[in-house]
Amino acid sequence: MSMTLLIVDDHPLIRLGLRALLEHALDQPQIFEATDGREALEIAAREQPDIVLLDVSMPGLNGVDTARRLTTELPACKVIMLSMHCHEERVAECLRAGAVGYLVKDGAVSEIMAAIEAAQHGEMYISTQVPTVAAKLLERKSDVTSPLQLLSPRQREILQLIAEGQSTKEIGYRLNLSGKTIETHRRLLMQRLDIHDVAGLARFAVRAGLVSLER
């Protein structure tokens, strides 16, 4: 039976490279592509992919929150995260979101197929580039807490958009919410995180991996 995969990355060259690799290594795979988290959720709901290769850092809706929604709404779907980084907390956050794999983008090409094979067998695959201390952290991921866990999915979504510099009006338009509702969420974010200005929220979002300064 042909495998159905979804590649999610906002960089066309990354998607092109992954598609070429998968088409060469797999037997007539059915491959779909998405440029961001929202598009990924729409395509996944329609196509029911077996495997999702998901970039961690994307504008609008980041990979971690996309993974969390995918694994909740489509429990049979296996999510493998792709990132330029192997910071301990970022890796652990991905696993807490339900991902079964974590790959560093500049790692060996063979790791992609190893991660897919592991996912098919119900196993977890972590890139060999992830430090040993991070791997140990993942083994006890259920015991690890994060400030992000204090926030609802909607609050994390709004926090990311605030950190990306979008105005209240722009966020409201994107999420189909009123400006007053966005302002209420922002106030609650500041209270819950004990952060009292937008710049502080942006710094927190960067530290938590919701947004990247390198993008």
(message) Go through region 156-182 and report how many residues are acidic (Asp, Glu) and at pLDDT 90 or above.
(response) 1
(message) Yes or no: region 17-28 includes at least one residue that is touching a helix residue (DSSP H, G or I) at 6+ places or on another chain (Cβ under 9 Å) and either closer than 19 Å to Leu151 by Cα or among the charged types (D, E, K, R) (or both).
(response) no
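Hey, among the residues in region 63-82 that are small (Gly, Ala, Ser) and surrounded by 22 or more Cβ atoms within 10 Å (Cβ to Cβ), which one's nearest to Gln120 (Cα to Cα)?
Going through the qualifying residues, I end up with Ala67.
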(message) Where the second residue is basic (Lys, Arg) and part of a loop (DSSP other than H, G, I, E, B) and the first is assigned by TED's automatic domain parsing to the domain that holds Ala20 and lies in region 103-124, which pairs have Cβ atoms under 7 Å and are six or more apart or on separate chains?
(response) none
(request) Find the residue count for region 112-128, including only residues that are closer than 14 Å to Ala25 by Cβ and not aliphatic (A, V, I, L, M). (result) 2
(message) Condition first: surrounded by 13 or more Cβ atoms within 10 Å (Cβ to Cβ) and either among the aliphatic types (A, V, I, L, M) or touching a helix residue (DSSP H, G or I) at 6+ places or on another chain (Cβ under 7 Å) (or both). Now tell me which residues in region 155-173 satisfy that.
(response) Gln155, Arg156, Glu157, Ile158, Leu159, Gln160, Leu161, Ile162, Ala163, Thr168, Ile171, Gly172
(request) Mind telling me which of the residues Pro153, Pro147 ends up being within 24 Å of Tyr102 (Cα to Cα) and modelled with pLDDT under 80? (result) Pro147
(message) I'd like to know if region 70-82 contains one or more residues that are modelled with pLDDT of 90 or more and among the basic types (Lys, Arg).
(response) yes
(message) Go through region 63-84 and report how many residues are part of a loop (DSSP other than H, G, I, E, B) and touching a residue at least 40 places away in the same chain (Cβ under 8 Å).
(response) 1
(request) May I ask you to verify whether Ile195 is within 15 Å of Leu61 (Cβ to Cβ), surrounded by 14 or more Cβ atoms within 10 Å (Cβ to Cβ) and touching a helix residue (DSSP H, G or I) at 6+ places or on another chain (Cβ under 9 Å)? (result) no
(request) Confirm whether Asp27 is of a type in the set (Asp, Glu) and within 20 Å of Val109 (Cα to Cα). (result) yes
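The values are calculated or read from the model by the stated rules, or taken from the named source; none is laboratory data. This one's a predicted model, so the numbers in the text were calculated from it and none came from an experiment. No Cβ is skipped: glycine too gets one built from the backbone with ideal geometry, and neighbour counts run over all protein chains shown.
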